[in-house]
Amino acid sequence: MKTLYLKSENENTPSIAAGILKDGGTVAIPTETVYGLAANALNPEAVAKIFAAKGRPQDNPLIVHVQSLDEIPPLVEKVDERLPALAERFWPGPLTVIMKKSALVPDAVSAGLDTVAIRMPSHPAAREIIKACGFPLAAPSANASGRPSPTRAEHVKEDLDGRIDAIVDGGECAVGVESTVITLATDPPTLLRPGGVTPEELEEVLGGIEISHAVYEKLAEGEKAHSPGMKYKHYAPKAQVTLIKGSFERYEKFLKAHNEIICAVCFEGEGKNFDEYIEYGRAKDSLTQAHNIFDVLREVDAKGYKKAFVRCPSIKGVGLAVFNRLIRSAAFRIIDLGFDIPVYGLTGQTGAGKSIVGEELEKLGLYVIDTDALARKAVENPEVINQLKEAFGEDVAPGGMPDRALLASRAFACEEKTKLLNSITHPEITRLTIEEIHEAQESGAKAAVIDAPVLFESPLTCLCKKIICVTADEKERLERIMLRDGISREKALERIKAQRSEEYYVSKSDIIIRNSDIDDTRDKTVKIAREELL
Ligand code: TXA
Ligand code: MG
């Protein structure tokens, strides 16, 4: 189908758009939040076209848009007594209210639920089009399902050109994130999606409200969503997004510790510190962040970045909406660099005796993080499993769990494949390690120690105040590996040769522990810990 382009300032636009909608067609319209893909809310066939064009899951209900309060009574079982006060304060504007629905609302709109979501937008073009139609409009955000919501007509074109009847271009959306969704069908009312209207503002009108935990975090496996839209991966560009919490200083250091191209998605004035960056608003101004965020997520793809590290916004006021969208675009991948305890690195060649040093440090109250164990855990993360399947074949994770032997045989077949495996698993190992630093802090440990054989190749080095390296003669290492892993001399030698030289380790470390005698190594460790680490 050919998509018609209409400018909102053209005086015929409302009647042309309304004509298409009366005929059961689909029109993308500007609203103050994001662009919506509209159809006649009372016509199930028209509504079905919305789902088809977006590729939207059938169980995700749509918001019904009205332009006057008179349109509401026929849509609901009963007008909630709190609605007039909400309407008075927030409508027209970025608030959606859920109430028990009437029989007039087709199941296609409510996705089989017994409630309906209603909103009165303030954008003049949206209001004029609804008025010209004479019926309410069902309209989800006008993006392809899963993609960032559109805040400019070009975004709609990118996703839906040729799939819908028309696009009305009304310029940039003022708010930039979708409406706040609150349900009056629970007691107290529950905030299902944060947006331009803040929880604090809603409380002023409604008294106490609940905030659905799905606003902040992933739903538990099998948990039923209050708002079906919250269970899907959402707002995601093609690039992998990671949300980074903590000071700018740590963010900068951490990003630069990666030896790959990563786009810094940061606040105004911070970009100059990076080669590759996009700024998404002022640090202490959630409104500018909301206004820009979806546009910026699309820009990350347009510029061809594969990865983006996004500075975590404050979750106060409208910031909660920005955070909620970002955490979903990041598939809940968040790294919190805001820990206070010191972190040390512990490394060394295989068989040198790292674990003896680790044991002693643990006895002294330091929390040792075993990155080998985290490497095994990393390949069990569902997002990682999806990437592994894509890279190495569906059969590497039968029933959703990795077949480690098969994965190893494919990934270690050549250097390129090994690199590919590392590029998938290392970021997750890094994230899990940092999560454990927080666990260390919560457990009351005096410091965290990252025990990692390949620490210097990892961005984790930038978090380490000091790095301890354990060394031992090759002959002794050889014996230890043979004994520990029950392998032949040849195999053990092969492993040793595959590693970097002792000089490499020593030159990059701050503290060297030469391990020639176990008891002596234990004593040295205690002394070093007392003098330099605690
Ligand atoms: O700002 C907005 O709200 C935009 C503009 C176009 O108005 N619309 C929008 O629609 O964001 P959509 O479909 O992308 O998001 C609607 C959200 C979804 O998460 C959906 O699951 C939820 O509202 N929703 C709709 N009806 C619901 C209901 N009856 N009960 C619970 N959640 C509902
Ligand atoms: Mg949407």
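The values are calculated or read from the model by the stated rules, or taken from the named source; none is laboratory data. The structure displayed is predicted, hence computed values, not measured ones. Quick reminder, even Gly has a Cβ in these numbers, built from the backbone with ideal geometry, and neighbours come from all protein chains shown. Surface accessibility is based on the protein's heavy atoms, side chains included, excluding ligands, DNA and RNA. Shrake-Rupley method; radii C 1.70, N 1.55, O 1.52, S 1.80 Å.
In region 387-439, which residue that is open to solvent by 50 Å² or more (accessible area, probe 1.4 Å) and not in a helix (DSSP H, G or I) is modelled with the highest pLDDT? Explain how you work it out, then say what you get.
Of all residues in region 387-439, those open to solvent by 50 Å² or more (accessible area, probe 1.4 Å) come to 387, 390, 394-395, 398-399, 401, 403-405, 409-410, 412-417, 419-420, 422-423, 426, 435, 439.
Within this subset, residues satisfying the condition of being not in a helix (DSSP H, G or I) are 401, 403, 412-414.
Details: Met401: 91, Asp403: 94, Phe412: 89, Ala413: 90, Cys414: 90.
Among them, the one singled out is Asp403.
The selection criterion, being within 25 Å of the chain's Cα centre (by Cα), within 14 Å of ligand 2 (Cβ to nearest atom) and crowded, with 24+ Cβ neighbours inside 10 Å, does not hold for Pro140. Of the residues examined, Val76 is one that is over 20 Å from Ser145 (Cα atoms), modelled with pLDDT of 95 or more and buried (at least 21 other Cβ atoms within 10 Å of the Cβ). With respect to Arg127, is the statement that it is more than 9 Å from ligand 1 (Cβ to nearest atom), more than 27 Å from Leu86 (Cβ to Cβ) and basic (Lys, Arg) true? Taking the combined requirement at face value, the residue does not satisfy it.
Right, Glu81: modelled with pLDDT of 95 or more and assigned to a loop (DSSP other than H, G, I, E, B) or not? If you could, list the steps in order and put the result at the bottom.
Values: modelled with pLDDT of 95 or more: yes; assigned to a loop (DSSP other than H, G, I, E, B): yes.
Answer is yes for this residue.
Within region 5-28, can one find any residue that is within 30 Å of the chain's Cα centre (by Cα), open to solvent by 10 Å² or more (accessible area, probe 1.4 Å) and within 16 Å of ligand 1 (Cβ to nearest atom)? No - not one qualifying residue is present in region 5-28.
Looking at region 165-217, the strands (runs of 3 or more DSSP E) lying wholly inside it that each contain 3 or more residues that are within 11 Å of ligand 1 (Cβ to nearest atom) and surrounded by 17 or more Cβ atoms within 10 Å (Cβ to Cβ) sit at 180-183, 190-193. Would it be correct to say that Glu360 is of a type outside the set (Lys, Arg) and under 21 Å from Val526 (Cα atoms)? Against the criterion (of a type outside the set (Lys, Arg) and under 21 Å from Val526 (Cα atoms)), Glu360 qualifies.
Do you know which of the residues in region 363-378 that are of a type in the set (D, E, K, R) and touching a residue at least 40 places away in the same chain (Cβ under 8 Å) is surrounded by the most Cβ atoms within 10 Å (Cβ to Cβ)? Applying the filter and picking the extreme gives Asp370. Among the residues of region 250-305, those identified as assigned to a helix (DSSP H, G or I), open to solvent by 60 Å² or more (accessible area, probe 1.4 Å) and among the hydrophobic types (A, V, I, L, M, F, W, C) are Leu287, Ala302. Within region 114-136, the presence of at least one residue that is over 18 Å from Ile29 (Cβ atoms) and open to solvent by 50 Å² or more (accessible area, probe 1.4 Å) is confirmed.
Please verify whether region 341-357 includes one or more residues that are part of a helix (DSSP H, G or I) and either touching a Gly at 6+ places or on another chain (Cβ under 7 Å) or open to solvent by less than 10 Å² (accessible area, probe 1.4 Å) (or both). Checking region 341-357: at least one residue is part of a helix (DSSP H, G or I) and either touching a Gly at 6+ places or on another chain (Cβ under 7 Å) or open to solvent by less than 10 Å² (accessible area, probe 1.4 Å) (or both). Scanning region 96-137 for residues that are assigned to a loop (DSSP other than H, G, I, E, B), within 16 Å of ligand 2 (Cβ to nearest atom) and under 17 Å from Val47 (Cα atoms) yields a single hit, Ala111.
From the set of residues in region 145-161 that are outside any helix (DSSP H, G or I) and within 20 Å of Ala174 (Cα to Cα), which is nearest to ligand 1 (Cβ to nearest atom)?
Among them, the one singled out is Ser149.
Quick one: in region 493-514, of everything that is among the charged types (D, E, K, R) and surrounded by fewer than 16 Cβ atoms within 10 Å (Cβ to Cβ), which residue is farthest from Ser458 (Cα to Cα)? Among them, the one singled out is Glu494.
Picking from residues in region 515-525 that are touching a residue at least 24 places away in the same chain (Cβ under 8 Å) and either surrounded by 13 or more Cβ atoms within 10 Å (Cβ to Cβ) or not in a helix (DSSP H, G or I) (or both), the one that is nearest to the chain's Cα centre (by Cα) is Thr525.
Given the options Ile496, Ile512, Ile528, Ile487, name the one that is outside any helix (DSSP H, G or I) and in contact (Cβ under 8 Å) with a residue 40 or more places away in the chain.
Working: Ile496 fails: outside any helix (DSSP H, G or I); Ile528 fails: outside any helix (DSSP H, G or I); Ile487 fails: in contact (Cβ under 8 Å) with a residue 40 or more places away in the chain.
After ruling out the rest, the residue left standing is Ile512.
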